[in-house]
Amino acid sequence: MKRSIKRILTTHTGSLPRSEGLLRLLLAKEAGEPIDRAMFDTAVRDAVAEVIRKQADAGVDVINDGEMSKPGYSTYVKDRLSGFEGINPGMLAGTLGDIKDFPEFGARMFAQSPVANMKMPACNGAIRYRDTRDLETDIANLKKAAVGVKAQELFMSAASPGVISVFLPNQHYGSHKAYLAALADAMKTEYDAIYRAGLLLQIDCPDLAMNRHIQFADRKTSEFRKSAAMHVEALNHALADVPAEAARLHLCWGNYEGPHHRDVPFKEIVDIVLKAKPAGISFEASNPRHEHEWKLWQDVKLPAGKVLIPGVLDSSTNFIEHPELVAERIVRFAKVAGRENVIAGSDCGFSTFAGFTAVDPAITWAKLKSMAEGARIASRELWRRPSVSASAAKPATRGVKKRAKARTRRSK
């Protein structure tokens, strides 16, 4: 993992807006409609090339494929793993604790959401990684598109065992722990392949925060913490052959504009998050519910080797953050964690599910450009040269005085 050694580096969480043409193909494929596979593969390849170029043009340092081939950051695994043919009783609007408190808002929010059309089957059979061809294609598309593009590093995201268990419920294994273990064993194939390809691996772990107000909305925080710790244990098992420096994780409280008044405070889960193996920790740090939590790192010592990737862009609003505000957010974290331990990022993805884009695509790119400019401003402050000290200026002052006295004597 690259670090901010000479300046603050920038990245984002992963998903980026798909083109209209690719979006139509993704949604048709998700709906089970027959599509021309060659046409689909070409559309994905072209979209990856375009999104790589746009990231570089925006000034982003650590870039990816935008998750162009995936219908959803967590649910894509149903097409790669066996055992997912069960019927899901449903989630999201009916299980988000904060939304249930405001049902009228929830009805408007999910009435026409494309997420409702995403397939989220339940696990009803033994899980194994069926075929790596889609994964290999994603890796090849990213590496080919990045040739000749100015970037510090390439990353690729993958769903964590925990977040898969939230979106694709278990109807087969005897316990949640057994389900997690099966998911971890299967996803290890994907994690290892991404690492061996020389890419930075990002593990998406919204379950470590968001699941508090989904499956644990009416239960004690202690019960949620126990479950989150189990999720981290499963993840670490799956990452056994991936070095900590080759991975980062992303956690969030749900990438949607909502009340979020039931979000678990970061301070109540940070100890569990820090036990996860990945060196990088990407998290929400700019939305109105969590921006204040930067203060947490004044009291929590960042373990050696860990890197913070705070969100300095809100991924659920069309406000374009001012570069000066972005710089302020970066500097806060740099002062409490060390500038080399901070990389600027986004709160979450800008299209976590195909078609689910709270932020207009054109505004997404404007936001990323603002982040890059803000990182430059922060870097100038954090790496500025010290001003000339008073002691260093004295010799020059004495010289001026001597020359003045000499001129006075000659005039006499």
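Structure summary
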| quantity | calculated |
| --- | --- |
| Counted residues, the range 187-214 - those being open to solvent by 10 Å² or more (accessible area, probe 1.4 Å), part of a helix (DSSP H, G or I) and either among the acidic types (D, E) or farther than 23 Å from R128 by Cα (or both) | 3 |
| Hey, A193 touching a residue at least 40 places away in the same chain (Cβ under 8 Å), small (G, A, S) and within 29 Å of N64 (Cα to Cα) or not | yes |
| Verdict on G90 being touching a Lys or Arg at 6+ places or on another chain (Cβ under 9 Å), at pLDDT below 95 and small (G, A, S) | no |
| Lone qualifier among S165, S157 - being within 21 Å of G349 (Cβ to Cβ), of a type in the set (S, T, Y), touching a Gly at 6+ places or on another chain (Cβ under 9 Å) and open to solvent by less than 10 Å² (accessible area, probe 1.4 Å) | S157 |
| Residue list for the range 53-65, restricted to those being part of a helix (DSSP H, G or I) and under 20 Å from R248 (Cα atoms) | Q55 |
| Selection within the range 223-248 - touching a Gly at 6+ places or on another chain (Cβ under 8 Å), of a type outside the set (A, V, I, L, M) and within 23 Å of L199 (Cα to Cα) | E245, R248 |
| Number of the exception - A217 against (1) part of a loop (DSSP other than H, G, I, E, B); (2) buried (at least 24 other Cβ atoms within 10 Å of the Cβ) | (2) |
| Subset of the range 261-286 (residues that are touching a residue at least 60 places away in the same chain (Cβ under 8 Å), open to solvent by less than 20 Å² (accessible area, probe 1.4 Å) and either of a type in the set (D, E) or more than 13 Å from D204 (Cα to Cα) (or both)) | D263, I269, I272, A279, E284, A285, S286 |
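The values are calculated or read from the model by the stated rules, or taken from the named source; none is laboratory data. Since the structure is predicted, the reported quantities are computational estimates derived from the model, not experimental observations. As a convention, Cβ positions derive from the backbone with ideal geometry for all residues, glycine included, and neighbour counts pool all protein chains shown. Areas reflect the complete protein model, heavy atoms only, side chains present, ligands, DNA and RNA absent. Shrake-Rupley method; radii C 1.70, N 1.55, O 1.52, S 1.80 Å.
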